[in-house]
Ligand SMILES: [Zn+2]
């Protein structure tokens, strides 16, 4: 009985805390002030770039982390920051519509945004990254701001962190704009997947380190392994992958926050 009332009380508190919107873009300053930091201290920051992705849209790296962040925000009692949708596009910049930000500019851009959330009361800054070219700068800036502002930062590269789920769901490895990444778009924005334009010829396996390099890379679908990751457009697998991958990232966020708290690190 006691457990039941406690559970009800917790459920009621969660319900009572649920904000009108979890999107930072949609809150006014009075609502933000009311929520942060007294009720919410975690922000999810989706990060991506604009670059070619086989038969999905050039904003694929923005769409995926944004969809993940929206799905996991309630379970982390977090807000979702506006997506940082320009990034460091590398060897695919030459493909139509690709845009890149210089390293120096990107560092300052990321640093200032992280710092801004820290200064407005966020304690846990969780970056959900959708693009590999950003990773080095994100890691460096997350550490720098964590140290200078005494906040906790976590950077998650979804496609690497969910590599085990790629093998489990598809039975093979994936690739940049390969089956796994295309599936994330198929699960959340099926209208942005142009199946009729697809051909296996649009894909090239990435080179083993030291064997060859090409600039620009000849394909925007870059397979992690030869003969694996060609896109097969299975809707059920796509949904299973998006859901399990999001849940895994949400679980990591909750576990890391719990351990930061347990260790008493940068408590405010
Ligand atoms: Zn991508």
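Derivation of every value follows stated rules applied to the coordinates shown; laboratory data play no part. Computed from a prediction, not measured in an experiment: that's the story for all the values here. Cβ atoms come from the backbone with ideal geometry, glycine included; neighbour counts cover every protein chain shown.
General remarks:
- Restricting attention to region 221-241, the residues being assigned to a helix (DSSP H, G or I) and buried (at least 23 other Cβ atoms within 10 Å of the Cβ) number 2.
- Verdict on residue 97 being within 16 Å of the ligand (Cβ to nearest atom), within 16 Å of residue 53 (Cα to Cα) and outside any loop (DSSP other than H, G, I, E, B): no
- Subset of region 180-197 [under 12 Å from residue 233 (Cβ atoms), more than 10 Å from the ligand (Cβ to nearest atom) and in contact with a strand residue (DSSP E or B) (Cβ under 9 Å, 6 or more places away or on another chain)]: 186, 193, 194
- Taking the criterion of being at negative phi and free of Cβ contacts under 8 Å to residues at least 60 places away in the same chain, the residues of region 197-215 that qualify are 199, 200, 201, 204, 205, 206, 207, 208, 209, 211, 212, 213.
- Qualifying residue in region 100-116 (condition: surrounded by 24 or more Cβ atoms within 10 Å (Cβ to Cβ) and under 26 Å from residue 188 (Cβ atoms)): yes
- Positions within region 33-60 being in contact with a strand residue (DSSP E or B) (Cβ under 7 Å, 6 or more places away or on another chain), assigned to a loop (DSSP other than H, G, I, E, B) and farther than 18 Å from residue 188 by Cβ, in sequence order: 40, 41
- A single entry from 209, 218 fulfils the requirement of being in contact with a strand residue (DSSP E or B) (Cβ under 7 Å, 6 or more places away or on another chain), loosely packed, with under 13 Cβ neighbours inside 10 Å and within 26 Å of residue 98 (Cβ to Cβ): 218.
- Looking across region 66-94 at every residue that is within 16 Å of the ligand (Cβ to nearest atom) and under 15 Å from residue 22 (Cβ atoms), the one that is surrounded by the most Cβ atoms within 10 Å (Cβ to Cβ) is identified as 69.
- Taking region 131-162 as the range and being closer than 19 Å to residue 266 by Cα and touching a helix residue (DSSP H, G or I) at 6+ places or on another chain (Cβ under 6 Å) as the test, the residues that pass are 141, 145, 149, 151, 152, 153, 154, 155.
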